[in-house]
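For reference, the structure discussed in these notes is given below.
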Amino acid sequence: MSNIKDGGIVIVGGGPAGLSAAIIAAQLGAPVTLIDDNPRLGGQLIKQTHKFFGSKSHYCGTRGVDIATILEQQLYSTPAKVILNTTVIGHFSPNILGLADRNTFTKLAYQRLIVATGANENTILFENNDLPGIYGAGAVQTLMNVFGIRPGNKVLMVGSGNIGLIVSYQLIQAGINVVAVIEALPKIGGYHVHAAKLARLGIPILTSYTIKAALGKEFVTGAVICRVDKNFKPIRGTEKRLKVDTICLAVGLSPLVELLSQIGCQMVFIPELGGQVAYHNANMETTVSGVYVAGDASGVEEASTAMLEGRIAGAHAAGNLLGKIAEAQAIINQAQSELAAIRQGPFGEKAAKGKEKMSYTVRQ
């Protein structure tokens, strides 16, 4: 066991939640190690070229990629240790993580652990949904905004939430033709401001529509869409064929909770939070003492809430470890107040309901 290093407060995931947790914990004086499997920090922020909404404290008017740089700079101004291009592949009792990069496997002990692993993209069932040319919206953002690669020339976007609308506009900015945006719900799911940008450009947004099939043998050459009834069942005779070479799926996210489950955290299924999540209290601590969760891994929301949850988890973990209870609590109180304000809005109600449901579902 002598070859196992102590990482102090170890944070898994370098997105908005993990970065915020690491910054706060390090600023409070705790030893911090942040691990991420990407070549740079920022998570989803590095592919977000749109400007954020909200208050100035939540980086209103700043592009996601610039927020990533700001948080990076704040973290690198602290003594925190950052490990990139490395995946946490397992947990060993009582408090040891297995780390793997392209060449080596190592073990790292922790005194407190914050899991900020984010979420993965959902997919949906339809004929030929495994053809090349079918992407998740996040993958399309990565190709375009991180690597400068056009995913195709004519795109069908499936899903009209904020991600679907924003990525559709970014596709247009890259000179790509968005043939249509379809949505199974009877109304557009994202912010009106995003939908209005597409409407002004003449991009049809078809509500109560779903994709029935992808066309093509070796790659996508088209798509069949159709209307759905109030029970989301396809309505026969409403099929339309679209000539596209790319189908982009923006149909939601599911929290990445495998590590939390392996550790033994109590899990609960909450649809409003994206599916299976680890129970956590107002301080973001799970049922395993000293293990925290933050960001989309705790329930899918926006980057602003992820940063606030990261601040809460980082402050509580550091305050508890160092005995700086009062100093940490002031940070927690402020972040919790801002979280409550965000969740009172129309796009925060779902998450607020999910967090409330989680507490009484597990503790009854």
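Observations, loosely collected:
- Test: residue in segment 311-322 that is open to solvent by less than 10 Å² (accessible area, probe 1.4 Å), among the charged types (D, E, K, R) and within 25 Å of Gly43 (Cβ to Cβ): no
- Total residues in segment 60-99, condition open to solvent by less than 70 Å² (accessible area, probe 1.4 Å), under 18 Å from Leu28 (Cβ atoms) and in contact with a strand residue (DSSP E or B) (Cβ under 9 Å, 6 or more places away or on another chain): 4
- Those strands (runs of 3 or more DSSP E) lying entirely in segment 110-220 with at least 3 residues aliphatic (A, V, I, L, M) and open to solvent by less than 30 Å² (accessible area, probe 1.4 Å): 112-115, 154-158, 177-183, 209-215
Residues are listed down the side, and each one gets a yes or a no for (1) at pLDDT below 95; (2) surrounded by fewer than 24 Cβ atoms within 10 Å (Cβ to Cβ); (3) outside any loop (DSSP other than H, G, I, E, B):
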position: Ala17; (1), (2), (3): no, no, yes
position: Ser20; (1), (2), (3): no, no, yes
position: Ile24; (1), (2), (3): no, no, yes
position: Ala30; (1), (2), (3): no, no, no
position: Leu34; (1), (2), (3): no, no, yes
position: Asp37; (1), (2), (3): no, yes, no
position: Arg40; (1), (2), (3): yes, yes, no
position: Gln44; (1), (2), (3): yes, yes, yes
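- Taking every residue in segment 111-135 that is over 13 Å from Val158 (Cα atoms) and pairing it with any residue that is assigned to a strand (DSSP E or B) and open to solvent by 50 Å² or more (accessible area, probe 1.4 Å), at least 6 positions away or on another chain, the pairs with Cβ-Cβ distances below 8 Å are Gln111/Asp6; Glu127/Lys212.
- Pairs, first on the phi < 0 side of the Ramachandran plot in segment 241-263, second of a type in the set (Phe, Trp, Tyr) and in a loop (DSSP other than H, G, I, E, B), C-beta under 8 Å, six or more apart: Asp245/Phe219
- Taking each residue of segment 12-37 that is among the hydroxyl-bearing types (Ser, Thr, Tyr) and looking for partners that are open to solvent by 10 Å² or more (accessible area, probe 1.4 Å) with beta-carbon atoms closer than 6 Å, six or more apart or interchain, yields Ser20/Met307; Ser20/Arg311; Thr33/Lys81.
- Verdict on Val277 being open to solvent by less than 20 Å² (accessible area, probe 1.4 Å) and either within 23 Å of Tyr110 (Cβ to Cβ) or in contact (Cβ under 8 Å) with a residue 40 or more places away in the chain (or both): yes
- Restricting Asp245, Asp296 to those that are of a type in the set (D, E, K, R) and buried (at least 23 other Cβ atoms within 10 Å of the Cβ) reduces the list to Asp296.
The values are calculated or read from the model by the stated rules, or taken from the named source; none is laboratory data. Since the model is a prediction, treat every value here as computed from it, not as a measurement. We place every Cβ from the backbone using ideal geometry, glycine too, and count neighbours over all the protein chains shown. What goes into the accessible areas is simple: the full protein's heavy atoms, side chains included, and nothing from ligands, DNA or RNA. Shrake-Rupley method; radii C 1.70, N 1.55, O 1.52, S 1.80 Å.
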